[in-house]
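Single-structure report; data block below.
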Amino acid sequence: MAQATDDVLVSRDGGVLALTLARPQKKNALTGAMYEALIAAFHQAETDDEIGAIVLRGSGGVFTAGNDIGDFIAAAQAPQKMAAYRFVEALAQLNKPLVLAIEGAAIGIGTTLLLHCDLAFATPDAQFKMPFVDLGLVPEAGSSLLLPQRIGMVRATELLLLGKGFSAQRALELGLINAIVPVQALENHAGREATALAEKPRQAMLRARRMLHGDRTQLLSQIREEGAAFAAALKSGEAQKAFQKFMNKGGR
Ligand code: COA
């Protein structure tokens with residue numbers, strides 16, 4: 001049974017559904033309940049004909065610190081139950097366009113969301129990182145397939161295997177975001193672009209988007225393969241050690 005949470009705020013502005021990650025005291029790290037809330041919001045967007053686009057943003061000067069590491073520790077016992085897996089599958093199968101408004105840190109899934117969204121805007125101080133391997137884990141959200149396709153194998157290796165962090169400027173150069181936007185303009189800018197998408201002739205826009213994203217069979221199969229490897233990795237000594245290090249503040 002899905003657990004209700006106040007850590008994801010959902011609001012409507014015309015044809016746009018705005019989702020705000022609202023757990024700033026934990027840098028918007030995503031818990032199971034937050035993934036459930038996001039899945040429910042995606043479902044709302046998919047089934048409501050009035051909604052033409054979704055905006056996802058953070059709060060407190062951060063987009064998200066990625067999956068909650070405490071949840072990773074707890075999930076090692078029953079990883080197949082993690083809501084994160086269902087979220088990633090929902091993300092890959094989304095039919096309505098997703099616009100990201102990124103301020104500050106965008107770690108883990110905060111970065112891999114870039115590979116699924118339709119438009120992404122980031123503040124000059126945005127910082128991206130996919131520290132999966134450093135945490136004893138493997139890439140998720142289809143990033144092991146999509147990132148080399150998007151930016152080439154040598155760059156994907158730097159970001160996914162070495163786990164190098166990168167700036168908004170680098171994300172722009174790599175073609176992972178559309179524009180760098182001053183912090184005070186971010187919310188309005190993302191909202192305007194989402195509204196522009198929502199106001200297009202709806203069926204044409206959705207069909208065109210579907211064509212841009214192409215056949216998702218291979219992506220879904222890669223996501224499931226990553227999920228199985230991720231579940232095994234969660235239980236490993238390497239991962240447990242890395243999680244404990246973070247929780248004991250040794251990771252920072
Ligand atoms: N899971 C659980 N808690 C997290 C978290 C996460 N992914 N990221 C941050 N937090 C918590 C911290 O434990 C801390 O909690 P506390 O105040 O109870 O001690 C609080 O959020 C603030 O984090 P802190 O690290 O002190 O803030 P910072 O500004 O120095 O650094 C980050 C921000 C995002 C750079 C840093 O928190 C970080 O690297 N987080 C982990 C990222 C990560 O590896 N995510 C997993 C990706 S797969």
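Is it possible to state the helix-based mean residue ellipticity at 222 nm for the chain, with each DSSP H run of 4+ residues giving -39500 (n - 2.57), the sum divided by total residues, to the nearest 500 deg cm²/dmol? What is it?
It lands at -14000 deg cm²/dmol.
Mind listing which chymotrypsin sites (Phe, Trp or Tyr not before Pro) in region 88-179 are in a DSSP loop and have 15 or fewer other Cβ atoms within 10 Å?
Loop-located and lightly packed - none at all.
Quick one: what do you get for region 109-202 if you divide its Cα Rg by 2.2 N^0.38 Å?
Computed over Cα atoms of region 109-202, the ratio equals 1.16.
PRE reach from Gln149 (point 7 Å along Cα→Cβ): which of region 95-120 fall under 20 Å by backbone N?
Answer for this model: 95-100, 109-120.
Exceeding 29 Å between C-alpha atoms, which entries from my cross-link table qualify? They are Lys26/Lys241; Lys96/Lys241; Lys129/Lys200.
Over 29 Å apart, Cα to Cα: Lys96/Lys241; Lys129/Lys200.
Through the Karplus equation 6.51 cos²θ - 1.76 cosθ + 1.60, θ set to phi - 60°, convert the phi angles of region 97-109 into ³J(HN,Hα) values in whole Hz; use x for Gly and Pro.
x, 10, 10, 9, 10, 10, 10, x, 6, 9, 9, x, 4
Please list, short to long, the whole-number percent of alpha-carbon pairs of the chain in consecutive 10 angstrom bins beginning at zero.
For the chain, the pair-distance distribution reads 7, 32, 40, 18, 2, 0.
Can you give the FRET efficiency for Ala232 and Gln184, using 1/(1 + (r/R0)^6), R0 = 51 Å, r = Cβ-Cβ distance, to the nearest 0.05?
Efficiency for this residue pair is about 0.70.
Pairing the Cα long axis of helix 32-47 with the longest principal axis of the chain, what angle in degrees results, from 0 to 90 and rounded to the nearest 10?
The angle comes out near 20 degrees.
Could you give the length gained on full extension between Gln240 and Leu212, defined as 0.36 nm per residue of separation minus the Cα-Cα distance, in nm?
Result: 6.2 nm gained on full extension.
When only alpha-carbon atoms are used, what values of Rg and Dmax, in angstrom, describe region 29-177?
Rg, Dmax (Cα atoms, Å): 14.8, 43.
Compute the acute angle (0 to 90°) between the alpha-carbon long axis of helix 83-92 and the principal axis of greatest extent of the alpha-carbon atoms of the chain; round to the nearest 10°.
Rounded to the nearest ten degrees, it is 40.
Mind checking the dipole of region 40-189: about its Cα centre, +1 per Lys or Arg Cβ, -1 per Asp or Glu Cβ, Debye to the nearest 20?
Magnitude of the dipole: close to 440 debye.
Values quoted throughout were computed directly from the atomic coordinates according to the rules given, and no laboratory measurement underlies them. The model shown is predicted, which means the values in this text are computed figures rather than measured ones. No Cβ is skipped: glycine too gets one built from the backbone with ideal geometry, and neighbour counts run over all protein chains shown.
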